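Structure, as structure tokens:
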């Protein structure tokens, strides 16, 4: 098969090709110029708002970092102050401890304030001043700003301190919401409620509560044993061991 020779481009062809290439370059330059012009117009229209938004975001980030560092520093300072107060309590330096606890209670957050007041009430008990202890426990229990676990603990301690002088039904009314099987305060509150039931002569209710505490693995082992013995004495729970229930009740 014979090959047909290609006809070399003429001068007019080369001129047309060069003109087309120049037109492509010109169109690209025009397109780039239009894009730059659009960008300039967008910047003139929205540049200030974008700049303000970026500045606000950076300022917010900086403020958040400063605040978190401040909070961490404050937590460390308050924790250290509470530790110093506890060391003073352990050393029997009651006057210094009272001053330190008052400072923590005045400057700390709700958790630190409640902790300081609970320690203060414990010190009052150690110093044979149950009236002051009961008053402080009652104040923490009534403090709506204190974390709920602190309030619950203060309620139980306040009732325990004044148990002998408090009407049994009042003990039951105050602690029954906390004497719930599986709850964190079941052992502490449940025992006081059960003994109050006994004071009212309601042996069946007391026995059922002692039996429930004896079966609850969340209750401390010593209290579970004592509860089982008392439940058995009341005819509710089969005794696992032969123990004098009267002495257990005295405990």
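The values are calculated or read from the model by the stated rules, or taken from the named source; none is laboratory data. Note that the structure is predicted; figures quoted are calculated from it, not measured. All Cβ positions, even for glycine, are placed from backbone atoms using ideal geometry, and neighbour counts span all protein chains on display.
Need pairs with beta-carbon distance below 8 Å; first residue in the same structural domain as residue 113 (by TED's automatic domain parsing) and within segment 81-103, second surrounded by 14 or more Cβ atoms within 10 Å (Cβ to Cβ) and not in a helix (DSSP H, G or I); sequence gap 6+ or separate chains.
81/108; 82/108
Conditions tested, residue by residue: (1) without any contact (Cβ under 8 Å) to a residue 60 or more places away in the chain; (2) surrounded by fewer than 20 Cβ atoms within 10 Å (Cβ to Cβ); (3) within 15 Å of residue 178 (Cβ to Cβ).
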{"site": "115", "(1), (2), (3)": "yes, no, no"}
{"site": "120", "(1), (2), (3)": "yes, no, no"}
{"site": "142", "(1), (2), (3)": "yes, yes, no"}
{"site": "149", "(1), (2), (3)": "yes, yes, yes"}
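Residues of segment 191-232 being under 21 Å from residue 148 (Cβ atoms) and free of Cβ contacts under 8 Å to residues at least 24 places away in the same chain, which ones?
193 - this is the single residue of segment 191-232 that is under 21 Å from residue 148 (Cβ atoms) and free of Cβ contacts under 8 Å to residues at least 24 places away in the same chain.
Considering (1) crowded, with 21+ Cβ neighbours inside 10 Å; (2) at pLDDT below 90, say which one residue 250 fails and leave the rest.
Looking at each condition in turn, residue 250 falls short on (1).
Looking at segment 90-130, which of its residues are outside any helix (DSSP H, G or I) and more than 22 Å from residue 161 (Cα to Cα)?
Once the filter is applied, which keeps residues that are outside any helix (DSSP H, G or I) and more than 22 Å from residue 161 (Cα to Cα), segment 90-130 yields 91, 93, 108, 109.
What do you reckon, is residue 177 farther than 23 Å from residue 112 by Cα and surrounded by fewer than 18 Cβ atoms within 10 Å (Cβ to Cβ)?
The answer is yes for residue 177.
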